[in-house]
1. Determine, yes or no, whether Ala41 is outside any loop (DSSP other than H, G, I, E, B) and modelled with pLDDT of 95 or more.
2. With the requirement that a residue be within 20 Å of Val90 (Cβ to Cβ) and touching a strand residue (DSSP E or B) at 6+ places or on another chain (Cβ under 9 Å), what does region 39-72 give you?
3. Please verify whether Arg29 is within 16 Å of ligand 3 (Cβ to nearest atom) and among the charged types (D, E, K, R), treating the condition exactly as stated.
4. Take the conditions in the same structural domain as Ala10 (by TED's automatic domain parsing) and either loosely packed, with under 12 Cβ neighbours inside 10 Å or within 16 Å of ligand 2 (Cβ to nearest atom) (or both) and apply them to Ala41. Does it pass?
5. Residue under question is Phe34, and the condition is that it be within 10 Å of ligand 1 (Cβ to nearest atom) and within 21 Å of Cys132 (Cβ to Cβ); does it hold?
Amino acid sequence: MPQLAAARLAARVGRMTASRRAVAAAVARQRGHFTAEALAAALPNVGRATVYRTLKILTEAGVLCRVLMDDGSLHYRLSGPGHHHHLVCVGCGAIQDFADSVVERVVSQLARAGSFTVEGHWLEVYGRCAGCSTAPSAAR
Ligand SMILES: [Zn+2]
Ligand SMILES: [Zn+2]
Ligand SMILES: [Zn+2]
């Protein structure tokens with residue numbers, strides 16, 4: 001788990017109820033990305049509403065980020081630092097973070113041109129990671 005996410009998680013957990021702490025502990029154990037449904041299924045003693053509410057709190061605190069997979073499902077992932085976007089591999093589901101100032105500049109230019117006040121934006125890029133784009137004949 002990224003150090004920053006761990007620190008943010010620890011800061012949040014101190015003020016949580018026992019059931020929210022159980023959700024946070026399960027989040028900390030996750031490797032890679034996960035759905036709210038899978039997390040709820042792994043915590044049979046915690047109500048679904050608590051699972052969803054805790055995921056929302058952790059997302060707003062910058063501990064988690066949401067990733068829209070190419071099948072339309074929403075996954076959660078421990079967040080890297082700062083505002084960023086995701087490269088999502090449609091082959092193996094691996095997710096990489098990326099941040100690009102050009103993307104941010106384009107968004108603010110579009111907003112200015114359209115007299116539109118931006119409150120947020122979301123960008124996922126779907127493709128194949130290095131491992132998945134390798135031709136089968138050239139397999140490892
Ligand atoms: Zn992210
Ligand atoms: Zn891949
Ligand atoms: Zn952005």
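1. yes
2. Listed by number, the residues that qualify are Cys65, Arg66, Val67, Leu68, Met69, Asp70.
3. No, not satisfied.
4. yes
5. no
Rundown of residues vs (1) in the same structural domain as Ala26 (by TED's automatic domain parsing); (2) closer than 21 Å to Met16 by Cα; (3) touching a Phe, Trp or Tyr at 6+ places or on another chain (Cβ under 6 Å), yes/no style:
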| residue | (1), (2), (3) |
| --- | --- |
| Thr54 | yes, yes, no |
| Leu68 | yes, no, no |
| Ala99 | no, no, no |
| Val103 | no, no, no |
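The values are calculated or read from the model by the stated rules, or taken from the named source; none is laboratory data. Predicted, not measured: the structure shown is a model, and the values here were computed from it. Heads up, the Cβs are rebuilt from the backbone with ideal geometry, glycines too, and the neighbour counts pull from every protein chain shown.
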